[in-house]
Amino acid sequence: MLAVKYALFALFSTLVNLFVQFLCFQVYSGPLSLYPALAVGTLAGLGVKYVLDKKWIFYHTTQNSRDEARKFILYSCLGVATTAIFWGTEIIFDLFIAGPVAKYLGGGIGLIIGYLVKYRLDKRFVFIHHQEEAVT
């Protein structure tokens with residue numbers, strides 16, 4: 001059941017990310033428009049995914065605002081590598097596959113790969129203390 005929940009949350013976060021990118025392209029679609037859209041979409045997806053993962057995947061309750069900030073910063077930092085996978089895939093699709101849908105297809109594929117890696121990193125490094133407490 002956890003895998004299904006995680007997959008649904010990843011899908012939802014992906015849709016938020018790609019929809020925000022789409023909105024960015026509606027505002028500006030000129031030269032280099034992909035890069036600000038990637039950044040804004042990534043931030044939107046990150047916020048949604050963090051809240052869903054923390055509450056419904058890892059069942060973590062922060063102890064105070066310092067703990068919350070620490071978790072979010074660590075979660076975000078570990079997301080840098082997975083973001084590189086996502087951005088790289090989207091940029092490659094945009095550069096080498098013709099058509100307006102290519103970047104979204106590349107972004108979706110990149111996000112799927114990135115979220116698979118991200119789950120393992122978060123489980124091992126971000127929310128590990130909560131998991132150990134739950135076991136004992």
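The values are calculated or read from the model by the stated rules, or taken from the named source; none is laboratory data. Keep in mind it's a predicted model, so treat the numbers as computed, not measured. Glycine gets a Cβ as well: all are built from the backbone with ideal geometry, and neighbour counts include every protein chain shown.
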Expected single match for free of Cβ contacts under 8 Å to residues at least 12 places away in the same chain and assigned to a helix (DSSP H, G or I) among Ala44, Ala10, Ala39 is Ala39
* Asked: Hey, any hits in the range 54-62 for a residue that's free of Cβ contacts under 8 Å to residues at least 60 places away in the same chain and within 22 Å of Tyr104 (Cα to Cα)?
  -> no
### Task
For Ile92, state whether it is free of Cβ contacts under 8 Å to residues at least 40 places away in the same chain, within 14 Å of Leu34 (Cα to Cα) and either surrounded by fewer than 14 Cβ atoms within 10 Å (Cβ to Cβ) or not aromatic (Phe, Trp, Tyr) (or both).
yes
Exactly one of Thr83, Thr62 is in contact with a Lys or Arg (Cβ under 8 Å, 6 or more places away or on another chain) and hydroxyl-bearing (Ser, Thr, Tyr), and that one is Thr62
When the range 79-136 is checked residue by residue, the ones that are at pLDDT below 90, aliphatic (A, V, I, L, M), assigned to a helix (DSSP H, G or I) and more than 16 Å from the chain's Cα centre (by Cα) are Ile128, Ala134, Val135
